[in-house]
1. Got a sec? How would Arg37, Arg88 order by Cβ neighbour count within 10 Å, fewest to most?
2. Among Lys70, Lys62, which comes first, then next, by fewest other beta-carbon atoms within 10 Å?
3. Read phi for every residue in segment 111-117 and hand back ³J(HN,Hα) as whole Hz from Karplus 6.51 cos²θ - 1.76 cosθ + 1.60, θ = phi - 60°, with x for Gly and Pro.
4. Can you check what the Kirkwood hydrodynamic radius comes to for segment 37-129, Cα pairs only, in Å to one decimal?
5. To the nearest 0.05, how large is the calculated FRET efficiency for Ser45 and Thr102 if R₀ is 22 Å and r is the Cβ-Cβ distance?
6. Where does each of 102-111, 38-47 land if you order them by average Cβ count within 10 Å, highest first?
7. Apply the Karplus curve 6.51 cos²θ - 1.76 cosθ + 1.60, θ = phi - 60°, to the phi angles in segment 78-92 and return the couplings in whole Hz, x for Gly and Pro.
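Quick note: the coordinates plus some simple rules give every number you see, no bench work behind them. This structure is a prediction, so every number in the text was calculated from the model and none was measured. Cβ atoms come from the backbone with ideal geometry, glycine included; neighbour counts cover every protein chain shown.
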Amino acid sequence: MIETHFQPQPLSRKLMALLLSASLTPLTSRVLMSQIRYTVAQIISSPADYDKKQVTVTGVVKKLQHKTSKSDNAYTVFELHANGKYVRVFSWGNLNISNNQTVTVTGLFNKIKKIQQHEFKNEIEAKIVQ
C-alpha cells in the first residue's frame, strides 16, 4: 500500500473572490428579477409608498437620450410610459435600447432626487433594463 501525504493548499484571495462572485451572480440576478412587478400607474398614483424602494416595472421607452456628464461619464435617460402615465428612468452608461421599445426596468425609485441645483421627480435609477 502506498501512502501519500496530500496537503491541500489554501486558495488565493483572487481565486476565492472569483469563485464567490461567480456563485452569487445567478442568485443576485434571480433575487432582483423576482421582485414584485408594479405598474407605472401604481407608482405615480402613490409615489411616497415607493420612495427609496426597489421596483420592477414594464413600459414603452419615450424621449430616449444618451448623454455625457461634465465629468465625462456616459448615462441614459428616458421616460417609461404605460397606460397614459410615465416615470423617468436614469441609468449609467449608454443603454442599447430605442424609442418605442418595450422594456422592463428594475431599480431604485425616488419620489424626489436632488443633485446640485437640479431636482428630478418620480425617477427610477435603473440597475437592470431588459
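1. Placing the least packed residue first, the sequence is Arg37, Arg88.
2. With the fewest neighbours first, Lys70, Lys62 line up as Lys70, Lys62.
3. Result, rounded to whole Hz: 5, 9, 10, 10, 10, 6, 8.
4. 13.2
5. After rounding, the FRET efficiency stands at 0.55.
6. Final packing ranking: 102-111, 38-47.
7. Taking θ as phi minus 60°, the curve returns 6, 9, 9, 9, 7, 6, x, 10, 8, 10, 7, 10, 10, 8, 5 Hz for segment 78-92.
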